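Below: the structure, in structure tokens.
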Amino acid sequence: MAKKVIVIGSGVGGLATAVRLSQRGFEVEVFEANEYFGGKATKLEKDGYFWGFGPSLFTMPHLLDELVTLCGKKPEDYYHYTKLDPVCKYFFGNGKQVETHADKEKFAAEAELVFGEPKHNTLNHLTLIEKRFSMTEKLFLHSSLHKAATYLDKDIFASLGFIPKMGLFTTMDKEHESVFETAEMQQLFNRYATYNGSDPYQCPATMNVTAAPEYSDGGYILSGGMPDLSRTLYQLATENGVKFHFDMAVEKIIVENGKATGVWVNGAKQSADIVVSNMDVWFTYKKLMKDQRAPERILQQPRSTSAIIFYWGMDRTFDNADIHNIFFSANYKEEFEVTFGQKTVYHDPTTYLFVSSKHQPQHATAGGENWFIVLNIPNNEGQDWDKLIAEARIHVQQKLSKHLGVDVAQHIVCEQVNDPRSIEAKTSSYMGSLYGNSSNNLMAAFLRHPNFSREIDNLYFCGGSVHPGGGVPVCLLSAKITDSLIKE
Ligand SMILES: Cc1cc2nc3c(=O)[nH]c(=O)nc-3n(C[C@H](O)[C@H](O)[C@H](O)COP(=O)(O)OP(=O)(O)OC[C@H]3O[C@@H](n4cnc5c(N)ncnc54)[C@H](O)[C@@H]3O)c2cc1C
């Protein structure tokens, strides 16, 4: 008889784990607290406008294709994606604008033309981070860092020789300062710290690899936005016979004789041979495993940043913005200092604008645009969010109006907002952090919770709060690692 697995949560990591385990013949049931699947990668709709709740830029699409083919299906029967060129348009406080491309020569030439950044600096840096990525991908993204067998793998053993070139002993910002002559390029590349909610002034230069996939493989847009990815995973899982229970928050993980044997939901026991938690690991311990010893050192690691997100329906199109845009302020250090340095007051966080209706006009009403605006901000420590949101709204409208040369506020016809409180309430992410723990220290990768429990048999973890970390592609990889740890 097939062994039964219960997955707690249907975020990207939980869905991908359910797909993989059901494909291997396990009987899988998913319990989800919300009435919908996808967690942070769900969708929002209002007044004829459509937005993704959180993630927008799609990178490393081969990881999704791999899952579909693993199930013996064809990716084109589930979704379509398009490679973006430019990948992103950057607007700087001094009025300069640059477009990034997955073509290194083209981007380096553009950076030289616009900023005066010598082309070879850009090319050398992109080559270095690409090399770092390929040398370390298998160890940090595809394997459990917490199993001795990982270090016996010959490729991984060979990659350990590359460690001196990994940038372990300097920060992201310091390396960018030493590589680039221009403040704009330093600022542009420091922004990649926000891809995992970290601080460029603290996180090791090792994290500069975060930019690598975008400049080698590129950035993509799914025709239905990132919710297409969640929908695909849900569809694959249901086609494999996975049973979903929505609006069913798990209350407790049942542990008997050192083994996970099921969960409590709605006051009843649901038995299982294996339990996988996709719930934020902090809340998994604090809410579902109150009577078990928690790995406090891991749980007390600094959390990643959070966000204020404005979802605006616009009544017109804006030709000077692209699909994927970043707006910086005049003082680039200020951008990051207000996000990471100050906990309660901030005025000028990096502003991210994604407009999928430029690619898929049906995401907005006729002639309009669906603006998705993210401000990277500190996580929730009890700040006065209503006041900060009101200030941020005015600030962002002014900033975008200045850059785009039009009064943005006049063209907003509908709005939805999320903030650290609602992100925590809707996805159970502690402090509203987007990516679990930050990567602000050298040991961060090793201080993420493993994909298995060291204390309790048959208990596993997946998703952005555990190894290898947050971000959609990384969550897909966490599912792959979790799957590989679950023996037949
Ligand atoms: C605003 C924003 C922008 C982002 N931008 C990007 C981006 O551009 N690119 C990128 O790659 N990533 C981005 N991310 C990060 C990315 O969305 C996440 O890393 C990823 O979606 C997290 O997936 P997860 O598997 O950790 O699950 P989550 O999305 O955290 O979902 C966990 C699920 O578990 C459920 N759950 C929790 N507790 C229980 C319980 N007790 N019982 C049952 N169910 C429970 C929750 O309801 C939820 O559905 C962004 C995130 C946000 C919010």
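Can you work out which of the residues in region 243-285 that are among the charged types (D, E, K, R) and within 11 Å of the ligand (Cβ to nearest atom) is farthest from Glu29 (Cα to Cα)?
Result: Asp280.
If you take the residues of region 291-324 that are modelled with pLDDT of 95 or more and β-branched (Val, Ile, Thr), which of them is surrounded by the most Cβ atoms within 10 Å (Cβ to Cβ)?
Only one residue fits best here, namely Ile308.
Inside region 142-169, can you point out the residues that are in contact with a strand residue (DSSP E or B) (Cβ under 7 Å, 6 or more places away or on another chain) and farther than 23 Å from His449 by Cβ?
The answer is Gly167, and nothing else.
May I ask you to list the residues in region 280-290 that are surrounded by fewer than 19 Cβ atoms within 10 Å (Cβ to Cβ) and in contact with a Gly (Cβ under 9 Å, 6 or more places away or on another chain)?
Selection gives nothing.
For Gly25, all conditions in the list (1) closer than 29 Å to Leu353 by Cα; (2) in the same structural domain as Ser271 (by TED's automatic domain parsing) hold save one; what is the number of the exception?
Of (1) closer than 29 Å to Leu353 by Cα; (2) in the same structural domain as Ser271 (by TED's automatic domain parsing), only one is false for Gly25: (1).
Quick check on region 431-457: of everything there that is of a type outside the set (A, V, I, L, M, F, W, C), under 25 Å from Gly25 (Cα atoms) and touching a Phe, Trp or Tyr at 6+ places or on another chain (Cβ under 9 Å), which residue is nearest to the ligand (Cβ to nearest atom)?
My answer is Asn451.
In region 8-45, what residues are touching a residue at least 40 places away in the same chain (Cβ under 8 Å), more than 8 Å from the ligand (Cβ to nearest atom), over 20 Å from Asn418 (Cα atoms) and not in a helix (DSSP H, G or I)?
Arg24, Phe26, Glu27, Val28, Glu29, Val30 - these are the residues of region 8-45 that are touching a residue at least 40 places away in the same chain (Cβ under 8 Å), more than 8 Å from the ligand (Cβ to nearest atom), over 20 Å from Asn418 (Cα atoms) and not in a helix (DSSP H, G or I).
If I go through region 175-208 residue by residue, how many of them are in a helix (DSSP H, G or I) and closer than 27 Å to Tyr79 by Cβ?
Selection size over region 175-208: 4.
Which of the residues belonging to region 462-475 are closer than 19 Å to Ser56 by Cβ and either open to solvent by 10 Å² or more (accessible area, probe 1.4 Å) or at pLDDT below 95 (or both)?
Gly464, Gly469, Gly470, Gly471, Val472, Pro473, Val474, Cys475
Take Val338 and tell me if it is away from the ligand (no atom under 16 Å from the Cβ), crowded, with 17+ Cβ neighbours inside 10 Å and free of Cβ contacts under 8 Å to residues at least 60 places away in the same chain.
Here the answer is yes, as Val338 does meet what is asked.
Within region 346-353, does at least one residue satisfy the condition of being open to solvent by 10 Å² or more (accessible area, probe 1.4 Å) and more than 23 Å from Lys40 (Cβ to Cβ)?
yes
Do you know which of the residues in region 356-378 that are within 20 Å of Arg393 (Cβ to Cβ) and under 18 Å from the mean Cα position of the chain (by Cα) is surrounded by the fewest Cβ atoms within 10 Å (Cβ to Cβ)?
Ranking the qualifying residues of region 356-378, first place goes to Val374.
Which of the residues belonging to region 229-245 are open to solvent by less than 20 Å² (accessible area, probe 1.4 Å) and not hydrophobic (A, V, I, L, M, F, W, C)?
Within region 229-245, Ser230, Thr232 meet the criteria.
Give the residue that is nearest to the ligand (Cβ to nearest atom), with candidates limited to residues of region 414-429 that are of a type in the set (A, V, I, L, M, F, W, C) and surrounded by 15 or more Cβ atoms within 10 Å (Cβ to Cβ).
Ile423
Mind checking which residues of region 389-444 are within 20 Å of the chain's Cα centre (by Cα), of a type outside the set (Lys, Arg) and assigned to a helix (DSSP H, G or I)?
Selection gives Pro420, Ser422, Ile423, Glu424, Ala425, Thr427, Tyr430, Met431, Gly432, Ala444.
Could we say that Lys402 is basic (Lys, Arg), open to solvent by 20 Å² or more (accessible area, probe 1.4 Å) and without any contact (Cβ under 8 Å) to a residue 12 or more places away in the chain here?
yes
Would you point out which residue out of Leu447, Leu459 is in contact (Cβ under 8 Å) with a residue 60 or more places away in the chain, open to solvent by less than 30 Å² (accessible area, probe 1.4 Å) and within 26 Å of Asp247 (Cβ to Cβ)?
Selected residue: Leu459, the only one of Leu447, Leu459 that is in contact (Cβ under 8 Å) with a residue 60 or more places away in the chain, open to solvent by less than 30 Å² (accessible area, probe 1.4 Å) and within 26 Å of Asp247 (Cβ to Cβ).
Quick one: Phe133 ticks every box in (1) at pLDDT below 95; (2) over 20 Å from the mean Cα position of the chain (by Cα); (3) surrounded by 14 or more Cβ atoms within 10 Å (Cβ to Cβ) bar one, so which box is it?
So the condition that Phe133 fails would be (2).
Given the residues Thr194, Thr122, Thr210, Thr150, which is the only one that is open to solvent by less than 40 Å² (accessible area, probe 1.4 Å), hydroxyl-bearing (Ser, Thr, Tyr) and free of Cβ contacts under 8 Å to residues at least 12 places away in the same chain?
Within the list Thr194, Thr122, Thr210, Thr150, the selection yields Thr150.
Among the residues that make up region 370-385, is at least one of them in a helix (DSSP H, G or I), of a type outside the set (Gly, Ala, Ser), more than 16 Å from the ligand (Cβ to nearest atom) and in contact with a Lys or Arg (Cβ under 8 Å, 6 or more places away or on another chain)?
Within region 370-385 (the criterion being in a helix (DSSP H, G or I), of a type outside the set (Gly, Ala, Ser), more than 16 Å from the ligand (Cβ to nearest atom) and in contact with a Lys or Arg (Cβ under 8 Å, 6 or more places away or on another chain)), the answer is no, since none of the residues qualifies.
The values are calculated or read from the model by the stated rules, or taken from the named source; none is laboratory data. Here the structure is a predicted model, which is why all the values come from computation and not from measurement. All Cβ positions, even for glycine, are placed from backbone atoms using ideal geometry, and neighbour counts span all protein chains on display. We work out accessible area using only protein heavy atoms, side chains counted, and drop any ligands, DNA or RNA first. Shrake-Rupley method; radii C 1.70, N 1.55, O 1.52, S 1.80 Å.
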